[in-house]
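The values are calculated or read from the model by the stated rules, or taken from the named source; none is laboratory data. Fair warning: this is a prediction, and the values are worked out from it, not measured in the lab. With ideal geometry, Cβ positions are generated from the backbone for all residues, glycine too; neighbour counts draw on all protein chains shown. Side chains included, ligands, DNA and RNA excluded: accessible areas come from the protein's heavy atoms. Shrake-Rupley method; radii C 1.70, N 1.55, O 1.52, S 1.80 Å.
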Amino acid sequence: QVQLVESGGGLVQPGGSLRLSCAFSGSIFSDYIMGWYRQAPGKQREWVATITSLDITEYVGSVKGRFAISRDNAKNTVYLQMNNLKPEDTAVYYCNAQRRTEAYWGQGTQVTVSS
């Protein structure tokens, strides 16, 4: 069974940076498309970024140029580097792993952007 454990969230001032990590276990990491999603209070969960096993990346428009997703297949870990954070980036961030019809989620990590 795939398990995903996020870390790296916290409180940061506007304009600051954070790096989220997601540790993957329980299957072959390189088989999975990895992604980050977020859910702000009172809003639906939204897709943020995706990276394939060939390091092809995609981003939602609101984070392009500020966030960078990457993966280390040797460490079974996916990262989300978040720069120039804005208050509207405040949310619980979730790691996601997908392979064909399978989909797994982490427990989430809180990111709060506030002065």
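In region 6-25, what residues are closer than 16 Å to residue 70 by Cα and not in a loop (DSSP other than H, G, I, E, B)?
If the condition is that a residue be closer than 16 Å to residue 70 by Cα and not in a loop (DSSP other than H, G, I, E, B), then 6, 7, 18, 19, 20, 21, 22, 23, 24 are the ones that fit.
May I ask you to list the residues in region 20-67 that are in contact (Cβ under 8 Å) with a residue 40 or more places away in the chain, crowded, with 20+ Cβ neighbours inside 10 Å and either of a type in the set (Gly, Ala, Ser) or over 20 Å from residue 4 (Cβ atoms) (or both)?
Result: 35, single match.
Among the residues of region 105-115, write down those that are under 13 Å from the mean Cα position of the chain (by Cα) and surrounded by 14 or more Cβ atoms within 10 Å (Cβ to Cβ). Walk me through how you get there before you give the answer.
Taking region 105-115 first, the residues under 13 Å from the mean Cα position of the chain (by Cα) are 105-111.
Scanning region 105-115 gives 105, 106, 108, 109, 111.
Can you tell me how many residues within region 74-94 are in contact with a Lys or Arg (Cβ under 9 Å, 6 or more places away or on another chain), open to solvent by 30 Å² or more (accessible area, probe 1.4 Å) and among the hydrophobic types (A, V, I, L, M, F, W, C)?
Residues in region 74-94 being in contact with a Lys or Arg (Cβ under 9 Å, 6 or more places away or on another chain), open to solvent by 30 Å² or more (accessible area, probe 1.4 Å) and among the hydrophobic types (A, V, I, L, M, F, W, C): 1 in total.
Mind listing just one residue for me: the one in region 95-104 that is surrounded by fewer than 17 Cβ atoms within 10 Å (Cβ to Cβ) and either in contact (Cβ under 8 Å) with a residue 60 or more places away in the chain or not polar (S, T, N, Q) (or both) and, of those, farthest from residue 22 (Cα to Cα)?
Within region 95-104, the match that is farthest from residue 22 (Cα to Cα) is 100.
Working only within region 1-25, note down all residues that are within 12 Å of the chain's Cα centre (by Cα) and of a type in the set (S, T, N, Q).
Answer for region 1-25, where residues must be within 12 Å of the chain's Cα centre (by Cα) and of a type in the set (S, T, N, Q): 7, 21.
So which residues in region 41-64 are farther than 16 Å from residue 82 by Cα and in contact with a Ser or Thr (Cβ under 6 Å, 6 or more places away or on another chain), if there are any at all?
If the condition is that a residue be farther than 16 Å from residue 82 by Cα and in contact with a Ser or Thr (Cβ under 6 Å, 6 or more places away or on another chain), then 53 is the only one that fits.
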